[in-house]
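Below you'll find the structure, written out as structure tokens, and then a few comments.
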Amino acid sequence: MKGPWVAIQRNPTSGTGRRRGVLLELIRELRRRGIRPRLFASRERMQATLTDPAARETLVCVLAAGGDGTIGDVVNRFPGVPLATLPLGTENLLAKYLGIQPSGVQVAELIANGSRRTLDLGQLNGRRFTLMASCGFDAAVLQRAHATRRGNIHKWDYLPPIWHAFRKYEHPPVRVFVNDEPQPRIARLLLAFNLPRYAYGIPFAPQATAEDGELDLCLFERGSTFQMVRYLGHVLAGRHQLLPDVTCLRASRVRIEADVAVPWQMDGDPAGFTPVTLEVLPAALAVFAP
């Protein structure tokens, strides 16, 4: 391919309706700056194109036009390729953290100017994530929401799964081996953060940063509907790290086991069940950002 170009992976749902105008604005602004945009709705077709060495030679970046799920797919399928994102999905917490607006003008300018940051990535059983991963109650809610979804998922789609988890989830314990410590820590809910972002802005790990080579862990030891509500109240008040039954620490590698299959999620998508190994990949992602 002649000249610099950008491969755009579009979420078929996110890139329609009123959001289509933002996507068209991006395409227009890239062309105005001498960068050729190529839009892909088919992931298979994009994968085939990027296996061509000549195409990769002039590729500026892969741009995820959608939400955090689209970003996660791009980060895993094209490791080592610079990332840009145009936030069009239900939620794009990475874009919020980086200060990227749903603006074709802003994103095209970032790409043309070469404005980039280098971030760590998390890795769960070999699959990469940008934001966070967790096991326990919230992962059970998310897995049920995705299993019962019809089309694009919305925030209110989580209400029935939350109610179901309150009534049915049994909060099994997990054994957490931090940095290969011989003795495990016990938790009923575990959250691991690469960035200080969680749905609805809940501040589980406000100190987390993706530039320190570590994950920020929050381990909640007790398990019941009452304890989940109690923990949430303390989290919202910014007091959970002071509780004697909550442990917050940093780690570069974590192994989690359980006697039963405990669900996991990462970046808002289901991620299987225990056992799990979590790792940090230092400075693994170059992303266009202010």
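The values are calculated or read from the model by the stated rules, or taken from the named source; none is laboratory data. What you see is a predicted model; the values in this text were computed from it and never measured. FYI the Cβ positions are ideal-geometry reconstructions off the backbone, even for glycines, and counts take in every protein chain you see. Surface areas here come from the heavy atoms of the whole protein model, side chains and all, with no ligands, DNA or RNA. Shrake-Rupley method; radii C 1.70, N 1.55, O 1.52, S 1.80 Å.
Inspection of segment 53-65 finds a residue satisfying the criterion of being farther than 16 Å from residue 105 by Cα and in contact (Cβ under 8 Å) with a residue 60 or more places away in the chain.
Do we find that residue 45 is among the basic types (Lys, Arg), more than 14 Å from the chain's Cα centre (by Cα) and within 19 Å of residue 286 (Cβ to Cβ) in this structure? It is false that residue 45 is among the basic types (Lys, Arg), more than 14 Å from the chain's Cα centre (by Cα) and within 19 Å of residue 286 (Cβ to Cβ). Figure legend. Inter-residue proximity from segment 93-104: first residues without any contact (Cβ under 8 Å) to a residue 24 or more places away in the chain and part of a helix (DSSP H, G or I), second residues of a type in the set (Gly, Ala, Ser) and open to solvent by less than 30 Å² (accessible area, probe 1.4 Å), beta-carbon distance below 9 Å, spacing 6+ or different chains. Indicated pairs: 95/67; 95/289.
Consider segment 9-56 and keep the residues that are in a strand (DSSP E or B) and open to solvent by 70 Å² or more (accessible area, probe 1.4 Å). The one that is modelled with the lowest pLDDT is 39. Test residue 269 against the stated conditions and say whether it is touching an Asp or Glu at 6+ places or on another chain (Cβ under 9 Å), closer than 20 Å to residue 199 by Cα and open to solvent by 20 Å² or more (accessible area, probe 1.4 Å). So residue 269 fits the description; yes. Scanning segment 244-258 for any residue that is within 21 Å of residue 144 (Cβ to Cβ) and either of a type in the set (A, V, I, L, M, F, W, C) or surrounded by 17 or more Cβ atoms within 10 Å (Cβ to Cβ) (or both) turns up at least one such residue.
One residue stands out among those in segment 67-79 that are out of contact with any Leu (no Cβ under 8 Å at 6 or more places or on another chain) and in contact (Cβ under 8 Å) with a residue 40 or more places away in the chain: the one that is surrounded by the most Cβ atoms within 10 Å (Cβ to Cβ), which is 70.
Taking the criterion of being modelled with pLDDT of 80 or more and not hydroxyl-bearing (Ser, Thr, Tyr), would at least one residue in segment 155-169 satisfy it? Checked against the condition, which is being modelled with pLDDT of 80 or more and not hydroxyl-bearing (Ser, Thr, Tyr), segment 155-169 yields at least one hit.
Quick check on segment 140-149. Is at least one of its residues surrounded by fewer than 22 Cβ atoms within 10 Å (Cβ to Cβ), at pLDDT 95 or above and in a loop (DSSP other than H, G, I, E, B)? No, segment 140-149 has no match at all.
Every residue, every condition in (1) over 17 Å from residue 93 (Cβ atoms); (2) surrounded by fewer than 16 Cβ atoms within 10 Å (Cβ to Cβ); (3) in contact with a strand residue (DSSP E or B) (Cβ under 9 Å, 6 or more places away or on another chain), yes or no:
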residue: 203; (1), (2), (3): no, yes, no
residue: 207; (1), (2), (3): no, yes, yes
residue: 210; (1), (2), (3): no, no, yes
residue: 213; (1), (2), (3): yes, yes, yes
residue: 218; (1), (2), (3): no, no, yes
residue: 223; (1), (2), (3): yes, no, yes
residue: 227; (1), (2), (3): yes, no, yes
residue: 231; (1), (2), (3): yes, no, yes
residue: 238; (1), (2), (3): yes, yes, no
